[in-house]
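These notes are about the structure you will find just below.
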Protein chains: 2
Amino acid sequence: MTDATKSTHVLQHQMESFEESCRAADLKLTHQRLEIYRELAKATDHPSAETLHKRLHQSMPTLSLDTVYRTLTTFEQHHLIKKVETVDSQAHYEAQMQQHHHLICDTCKEIMDFQWSSFDAVSVPEDILQWGAIKNKSITIYGTCRKCQALKEKKKLE
Amino acid sequence: MTDATKSTHVLQHQMESFEESCRAADLKLTHQRLEIYRELAKATDHPSAETLHKRLHQSMPTLSLDTVYRTLTTFEQHHLIKKVETVDSQAHYEAQMQQHHHLICDTCKEIMDFQWSSFDAVSVPEDILQWGAIKNKSITIYGTCRKCQALKEKKKLE
DNA sequence: TTGCAATTAAGAACAGTTCCTATTTACCTT
DNA sequence: AAGGTAAATAGGAACTGTTCTTAATTGCAA
């Protein structure tokens, strides 16, 4: 993922399948829901409810923060989006529902998506199968991103 | 890990190295700190501050919840314990600092530790190395544990 | 043992999220 | 196209989890 935002035609397609899922789930297609979903779908940075609210405020000045929270919760309950696991006190969300993993920078806290299909293909160790019914496995990689590494180097030299 | 609690001798050893780390970090060895650490170290369920406070309340009735929060934050800053990534609104902690992974039950939300040394040994895909300096990678497996599976089966038959 | 900086208890304050209620909206029926 | 109705929304109040403030207490160095 080199671009900060998705191509419009990929987003278009994602919006269409979202609308279909809403109809299937008996969720009314309100302006707020469509815009909140679109804003999350085009983001690559796993935003919080507050961040989404700020971004949408320009185009929708009367949108309430509560609506953003309520809408995200509704979407999550219908498996249209996911809550991202973090140690942060704010909840973060993503519209990416395909199998993927996360890179987290310990400095700027930015979360990036990545693929690792050979890992996805392996089955879990024998003894874990004893634990119960496995549904999904995902990796989180921690480290310092290039940007933050560069900043640290710069500070050292000062 | 078959037992719900650790053997006393393993815990003893962990307490000793904890005390050593505190002295090295210039952290005073107060009764509260020792007991909070001991309670977390002997737990296998990744408790929240509130849960730890409840467990300690019997033996330490005047221990304040704030002290539990403050102490856990101090320990975390000194890398003596870790905050666990969850989608929960409460923060969860663990004293286990060796490389390990998590199993999370989607029903009872219980978090279990597990090892996967062959995964630990492999290096990450080439393109991720471009991202920055990798420090650690860990897996979270989601599913339904045996206990909850059994409960669901029981409900179906009713 | 004494002195002092660090730590603590208790409750106030704060941040993030959810609830309450009156109003508005989507969309089904005709 | 217009009306009816259940669902959704805005705004603010309430709630939950966490952190801060202050005065009292405690660990530990001298």
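Of the residues in the stretch B:121-137, not one is within 26 Å of B:S21 (Cα to Cα), out of contact with any strand residue (DSSP E or B) (no Cβ under 7 Å at 6 or more places or on another chain) and in contact (Cβ under 8 Å) with a residue 24 or more places away in the chain. The residue that is modelled with the lowest pLDDT, among those in the stretch B:86-113 that are part of a loop (DSSP other than H, G, I, E, B) and among the hydrophobic types (A, V, I, L, M, F, W, C), is B:C108. Yes or no: B:L40 away from chain A (no Cβ under 14 Å), crowded, with 18+ Cβ neighbours inside 10 Å and more than 12 Å from DNA strand C (Cβ to nearest atom)? It is true that B:L40 is away from chain A (no Cβ under 14 Å), crowded, with 18+ Cβ neighbours inside 10 Å and more than 12 Å from DNA strand C (Cβ to nearest atom). Filtering B:T74, B:T62, B:T67 for residues that are within 16 Å of DNA strand C (Cβ to nearest atom), in the same structural domain as B:T44 (by TED's automatic domain parsing) and at pLDDT below 95 leaves a single hit, B:T62. Annotation: of all residues in the stretch B:77-111 being among the aliphatic types (A, V, I, L, M) and either surrounded by fewer than 16 Cβ atoms within 10 Å (Cβ to Cβ) or within 15 Å of DNA strand C (Cβ to nearest atom) (or both), the one that is farthest from the other protein chains (Cβ to nearest Cβ) is B:L80. Restricted to the stretch A:36-68, and to residues that are near DNA strand D (Cβ under 9 Å from one of its atoms) and in a helix (DSSP H, G or I), which residue is nearest to A:T86 (Cα to Cα)? If we take residues in the stretch A:36-68 being near DNA strand D (Cβ under 9 Å from one of its atoms) and in a helix (DSSP H, G or I), then A:V68 is nearest to A:T86 (Cα to Cα).
Condition check: farther than 25 Å from A:M112 by Cα and within 16 Å of DNA strand C (Cβ to nearest atom). Does A:D45 satisfy that? Against the criterion (farther than 25 Å from A:M112 by Cα and within 16 Å of DNA strand C (Cβ to nearest atom)), A:D45 does not qualify. Out of the stretch A:112-147, which residues are loosely packed, with under 14 Cβ neighbours inside 10 Å and over 29 Å from A:K42 (Cβ atoms)? Scanning the stretch A:112-147 gives A:S118, A:A121, A:V122, A:S123, A:E126, A:D127, A:L129, A:Q130.
The values are calculated or read from the model by the stated rules, or taken from the named source; none is laboratory data. Just so it is clear, the structure is predicted and the values come from calculations on it, not from any experiment. Here Cβ is always computed from backbone atoms with ideal geometry, including for glycine, and neighbour counts include all displayed protein chains.
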